[in-house]
Structures are given as C-alpha cells and as structure tokens.
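Participant: Have a look at this one.
The values are calculated or read from the model by the stated rules, or taken from the named source; none is laboratory data. Not measured: the values here are computed from a predicted model. Neighbour counts are summed over all protein chains in view; Cβ atoms, including those assigned to glycine, are modelled from backbone coordinates with ideal geometry. Heads up: the accessible areas ignore ligands, DNA and RNA and are worked out on the full protein's heavy atoms, side chains in. Shrake-Rupley method; radii C 1.70, N 1.55, O 1.52, S 1.80 Å.
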Amino acid sequence: SSQSWLKPIFVASRPQSQAKTGRSMASQARQRAPFRLLSVCVATSALLLLAWASIPTTSFSVGSSPRARSSKLQSVTTTPPFAAAGEVESSATAIFAAGGLAGFALAAASLRQRALVCRGATEREDSTLEFLSKKHAREVGEIRKLAGDIIPSDWDDVTLLRYALQHEGAPAAAAENVKEVLAWRSGEGKEIVAAAKDAIAKAQAGGGWDNTPVFAAAPHSGKISKYITPAQMVVVSTKAGDLVTCIRAATIDSEALMKDVSEEEMVQFFIYAREVNSFMADLRTRATGRVTRLIAANDLTGVSKFPDQAFQNALTGSAKKAVTLYPGYAGPTVLLNLPWLARMLVSVLTPLFPGAVREKLKFARTPMDYMKNLEDIVREPIRSQFVDDLQAVLNV
C-alpha cells in the first residue's frame, strides 16, 4: 500500500518485514548516493574557496571621518577626514585602523556564534540605528539588567546594541560577553586601550585627522611598518558608510615579517588596530544614524601560496579574540579577483551554501582587472568604479 513504509516500524518482529526493510534501506542508500557524492564535492570545493580566504586580510586604517557620508569612495589617509574627492592622497602612514583583521578567520569565528548563524538576509533590510535600537530595545534592557553595576556610566544603549546584535535573542550570553570585555579592558588589554585612546585624541587634535600618532602608538609598529604599506593595504568607505579594508595578500612578505616579530607581537598589533577601528565605527554610527560595519576585502591578485604559518597563527588568534572583544562590528569578508576556476566554482556552488555563509562570505564573480596597483582604488576614476563594483558584490 501507499503506507507500506510504516510496516517495519509497527511489525518489526515479522521476518518478511525485516527483509523488506533491508531491501528498502538498500534502495534508499542507492538513491542517496548521488546526493552524498554531490555533498562531498560541494564541501570540498567550499573548503578550497575558504582556504583562499584565509590569506591575510589584516586591516589597518583610521582616518575615515565618522561623519562622512559621501556617495564617492573615500580613502583613509592622513589628510583631513572631510577631504574632497580630489584632495585624498595615498600615504605610507595612512593605513592604520583595523577593518577585516584576518577576514576569513574572523568570518569563520563569527559563524560559530549562534546569533550570527541564525541571522537571515531579510533582517538586514534596515540597518539604521533607530530601527535596530527599537528592535533590540528589550534585549538591551535585559543585557543591562543581567550585567548589573559593572557596566561603565559611559556605556549607553548604543554600545550595548552591538552585543545584542552579536548574541541575537540571547541576552544572557551577551551579558557574559560584556563581563569578558570589561575584564579584558581593565586587565590584560588596559595598555592597548589606553594607547589607542591617547593616539586618537592626538589624531583629532587639529580638527581633522592625523594618522601619524595612531600608527606610531601601535605595538611594534616600527618593525611592522616595513612590510605593510598602502601598496599592500588601503581602507575605503562604501556608499553606505561601512569601513572596508582592502588588502593584496601576495604583496606582503609574511615570512620576512615574522622573522622580525613574534606571533604574540602581531596579535597585539592587530588587536590595537581593531580597538582604533571600532572606535571610529562607533563615531560614524552615532554621527550618521546608521550602524557602521567593518568589512574585509581580500584581493587575491597574484596569490600563489599561503602566507607564513606563524603569520597565519597570529591572524587566527587575533581574529578569535576580536570576535569576543569587539562583538557586533564584523561585516562580511569579500574575495576579489579569484582565479578563473574559483570564479566558475563560485557561480555554481554559492547558491548551495547555507544562508549564514553567503551573508558572511562574498565573492566577486568577475575580475576587477583595472586594479593594476592596490593604491589605484583611492584615486579617480578607478575608485568610483571600484566602490560601485564592491557595492554590487555586497548586494548579492
């Protein structure tokens, strides 16, 4: 009958039914085999694509104006933060402010957070501060209540909103995260927090933005600055105001870099950068009324090998810490200029990825070969083309 598949459950003691069950299971196994093979192929291909993403997206930049909301792409440099399109120049000291901070590692760590996994694309339709504050008002209140008196007086609801976004629907977990962050900021991370605060004050002292004191105050910047310049990394803004760190991984001599610094020193440098960048994102959020995200764009032009293992370890370690210490800031990681085979796989396999993965990992499906040098994207006419293409990738 049409319900014969129920018989093995209710008449399991009959040998004939057991035989039918065995045949049925064998038949189902044969039917599932192609799908299992497809799943293996998808998983393998996904791992290969994610491996490319693990090439460093160490983002540094700070000079973006918190009030800037221009429709044109703005580079983050030592020029005043409100510089017009033609006034922005590239500078070796203009690369500071953490955006991606090991983009893949950060995206992977974020996906392990239950709140981010459950967040759907439809919930991103309105990222204004007013909308999100109303939506998460109850959770923010619960977080404040659960965390108790340890919350500093200068931590308002906008600050706690980041925790509600990271731990959506789980105020208890968010409150624990608040306690972790406060413990770190008053303990292990106290020097980094103080150094960043002092450097930001000096950078803004003239009414604009001078990136020199910010970079100079970074842990071990004297050694690291020899390997990370605007040729390797630049920071730009999307039309919506998000901060995007774009890095060309193939131009970083990670092996030589890690001979000059230890893994722990690199982690300290990255966390300092994240502290500065998060501060700027908060300023921009309050000034524009839109919750600013930190996005990593990884330009894979010329990539032929993975970076030095010690460098990868520092990236992964700092990225994991950043998820805990700076919740609710991370936007997607974007992969640009993938090899042609990877672009072909992306076109076929991306629709099969879970929604949470598609939201945290974006692929440019066509090459941006007009980017001969990374610094080109901070100068017209290329920067307008780049910001339009980047926005199109983010919108998919």
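Participant: Based on the mean of other Cβ atoms within 10 Å per residue, sort peptides 385-396, 304-315, 280-291 so the most packed one is first.
Facilitator: With the highest mean Cβ count within 10 Å placed first, the list reads 280-291, 304-315, 385-396.
Participant: Still on this structure: Once amide H atoms are placed 1.01 Å from N in the peptide plane, what residues at a sequence separation of 5 or more from ALA297, or on another chain, have their amide H within under 5 Å of its amide H?
Facilitator: HN-HN under 5 Å from ALA297: THR245, CYS246, ILE247, VAL334.
Participant: Residue by residue, what Karplus-based ³J(HN,Hα) values in Hz, rounded to whole numbers, does the range 370-384 have, using 6.51, -1.76 and 1.60 with θ = phi - 60° and x for Gly and Pro?
Facilitator: 6, 8, 5, 10, 4, 5, 4, 6, 9, 10, 6, x, 5, 5, 5
Participant: A further question on this structure: Compare the peptides 171-177, 268-274, 229-235 by average per-residue count of other Cβ atoms within 10 angstrom and give them in order, highest first.
Facilitator: In descending order of packing, they fall as 268-274, 229-235, 171-177.
Participant: Another question, if that's okay. Within the accessible area of the range 167-216, what % is carbon and sulfur when the probe is 1.4 Å and the other protein chains stay in place?
Facilitator: Values: 1330 of 2460 Å².
Heavy-atom surface of the range 167-216 belonging to carbon and sulfur, 1.4 Å probe: 54 percent.
Participant: Quick one: grab Rg to one decimal and Dmax as a whole number for the range 137-187, Cα atoms only, in Å.
Facilitator: In order Rg, Dmax, the Cα atoms of the range 137-187 give 9.8, 30 Å.
Participant: Ok, one more. How much area per residue is accessible in the range 212-296 when the probe is 1.4 Å and only protein heavy atoms are counted (Å²)?
Facilitator: On the way: 2490 Å² over 85 residues.
Result: 29 Å² of accessible area for each residue.
Participant: Mind listing the phi-derived Karplus ³J(HN,Hα) values for the range 161-172, rounded to whole Hz, using 6.51, -1.76 and 1.60 with θ = phi - 60°, and x for any glycine or proline?
Facilitator: 4, 4, 6, 5, 5, 5, 10, 4, x, 9, x, 5
Participant: What aspartates and glutamates sit close enough to LYS305 to cross-link, taking a C-alpha to C-alpha distance under 15 Å and skipping anything fewer than 8 places away on the same chain?
Facilitator: Straight-distance partners of LYS305: ASP253, GLU255.
Participant: Are any of the pairs LYS190/LYS321; LYS239/LYS362; LYS179/LYS202; LYS321/LYS360 more than 20 Å apart by Cα-Cα distance, and if so, which? Intermediate results must be reported in sequence, preceding the final value.
Facilitator: Values: LYS190/LYS321 15 Å; LYS239/LYS362 17 Å; LYS179/LYS202 29 Å; LYS321/LYS360 18 Å.
Long pairs (Cα-Cα over 20 Å): LYS179/LYS202.
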